[in-house]
Amino acid sequence: EEEMSTTGISDDDKSAVMIPKYLKETCRTFFKKKPKDRKAKHVGSIVTYLQNNVSFFKPFDREQLQRLCMKMEYMDVYGRHVLFRQGAIGHAFYIVFNGGVDVSVMTKNKYGEEVSVKVAERTMGASFGERALT
């Protein structure tokens with residue numbers, strides 16, 4: 001029997017899709033390769049995965065996603081790594097393939113000190129940084 005895992009579509013849509021674990025690993029392996037080393041024969045299943053698991057990509061047609069798949073880059077992030085700071089100009093669009101990402105903003109506490117406050121969490125299937133695409 002094929003092993004399956006559940007992943008959320010987005011924060012707004014709490015429905016879930018059952019996806020084979022091998023497909024998630026296929027995506028990870030595909031995107032870890034340099035774009036020039038990727039094989040076009042794997043793109044079809046990657047596009048299906050993205051359309052079904054990353055809500056941002058739902059309106060894209062398959063051809064658009066195929067072109068994007070040949071350009072995207074994979075990045076492993078561990079611990080308390082800052083991807084970008086509040087107010088900075090964005091340079092990347094991110095998809096969470098595994099784990100989660102905390103979204104924090106800087107604010108002043110009652111003593112007037114700058115503090116970081118967690119305002120959201122993005123989990124597997126979520127995306128952020130879409131302003132960098134404009």
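The values are calculated or read from the model by the stated rules, or taken from the named source; none is laboratory data. Since the model is a prediction, treat every value here as computed from it, not as a measurement. We place every Cβ from the backbone using ideal geometry, glycine too, and count neighbours over all the protein chains shown. Quick note on the areas: whole protein, heavy atoms, side chains included, nothing else; ligands and nucleic acids left out. Shrake-Rupley method; radii C 1.70, N 1.55, O 1.52, S 1.80 Å.
Could you look at segment 77-133 and say what percent of its accessible area is carbon and sulfur, using a 1.4 Å probe and all protein chains? Display every interim value, and only then the final one.
Details: 2250 of 4420 Å².
Of all accessible area on segment 77-133, carbon and sulfur atoms account for 51 percent.
Could you give the alpha-carbon Rg of segment 49-88 over 2.2 N^0.38 Å, rounded to two decimals? Mind dumping the intermediate values first?
Values: Rg = 13.7 Å, N = 40, 2.2 N^0.38 = 8.9 Å.
So the Cα radius of gyration is 1.54 times the expected 2.2 N^0.38 Å.
What FRET efficiency, computed as 1/(1 + (r/R0)^6) with R0 = 22 Å and r the Cβ-Cβ distance, is obtained for LYS32 and HIS91, rounded to the nearest 0.05? List each step's numbers first, then the result.
Working: r = 20 Å, r/R0 = 0.92.
For R0 = 22 Å, the calculated efficiency reads 0.60.
Once a ≥ b ≥ c are taken as the square roots of the eigenvalues of the Cα gyration tensor of segment 60-134, is the result rounded (a/c under 1.5), prolate (a/b larger than b/c) or oblate (a/b not larger than b/c)?
Working: a/c = 2.82, a/b = 2.12, b/c = 1.33.
The shape class here is prolate.
How would you rank 115-123, 76-84, highest first, on the average number of other Cβ atoms within 10 Å across their residues?
Values: 115-123: 12.1, 76-84: 9.4.
The most tightly packed comes first, giving 115-123, 76-84.
Quick check for you: with a 1.4 Å probe and neighbouring chains kept, what is the accessible area per residue of segment 21-70, in Å²?
58 Å²
Assuming 0.36 nm per residue, please report the length gained on full extension of the stretch HIS42 to ALA132 beyond their Cα-Cα distance. Intermediate values should be presented prior to the final figure.
Working: separation 90, 0.36 × 90 = 32.40 nm, distance 2.67 nm.
Stretched fully, the HIS42-ALA132 segment lengthens by 29.7 nm.
To the nearest 0.05, what FRET efficiency results for ARG67 and GLU121 with a Förster distance of 22 Å applied to their C-beta separation?
On the way: r = 31 Å, r/R0 = 1.39.
Using R0 = 22 Å, I get an efficiency of 0.10.
Starting from the amide H of VAL103, placed 1.01 Å from N in the peptide plane, find each other amide H under 5 Å away whose residue is 5 or more places distant or on another chain.
Amide H neighbours of VAL103: VAL119, ALA120, GLU121, ARG122.
Just to confirm, what accessible area per residue do you get for segment 77-133 at 1.4 Å probe, in whole Å²? Kindly include the intermediate steps, with their values, before the conclusion.
On the way: 4420 Å² over 57 residues.
About 77 Å² of surface per residue is accessible.
When only the heavy atoms of the protein chains count and the probe is 1.4 Å, how do LYS34, LYS24, LYS71, LYS58 rank by accessible area, highest first?
Working: LYS34 125, LYS24 30, LYS71 155, LYS58 100 Å².
My answer, sorted largest first, is LYS71, LYS34, LYS58, LYS24.
Would you please classify the overall shape of segment 21-70 from the alpha carbon gyration tensor, given that a ≥ b ≥ c denote the square roots of the eigenvalues, rounded means a/c under 1.5, and beyond that prolate means a/b larger than b/c while oblate covers the rest? Spell out each step's value before the answer.
Details: a/c = 2.02, a/b = 1.27, b/c = 1.60.
Because a/c hits 1.5 or more and a/b fails to exceed b/c, segment 21-70 counts as oblate.
Under a plain spin-label model, where a point goes 7 Å from the Cα along Cα-to-Cβ, how far apart in nm are LEU83 and GLU25?
2.5 nm
Among LYS36/LYS118; LYS71/LYS118; LYS32/LYS108; LYS34/LYS118; LYS33/LYS118; LYS32/LYS58, which pairs are too far apart, with a Cα-Cα distance over 28 Å?
Working: LYS36/LYS118 38 Å; LYS71/LYS118 31 Å; LYS32/LYS108 39 Å; LYS34/LYS118 33 Å; LYS33/LYS118 33 Å; LYS32/LYS58 23 Å.
Where the Cα-Cα span goes over 28 Å, the pairs concerned are LYS36/LYS118; LYS71/LYS118; LYS32/LYS108; LYS34/LYS118; LYS33/LYS118.
With r defined as the distance between the Cβ atoms of GLU114 and TYR74 and R0 fixed at 30 Å, what FRET efficiency is calculated, to the nearest 0.05? Don't jump to the answer; show the numbers that get you there.
Numbers: r = 33 Å, r/R0 = 1.10.
Efficiency at R0 = 30 Å is approximately 0.35.
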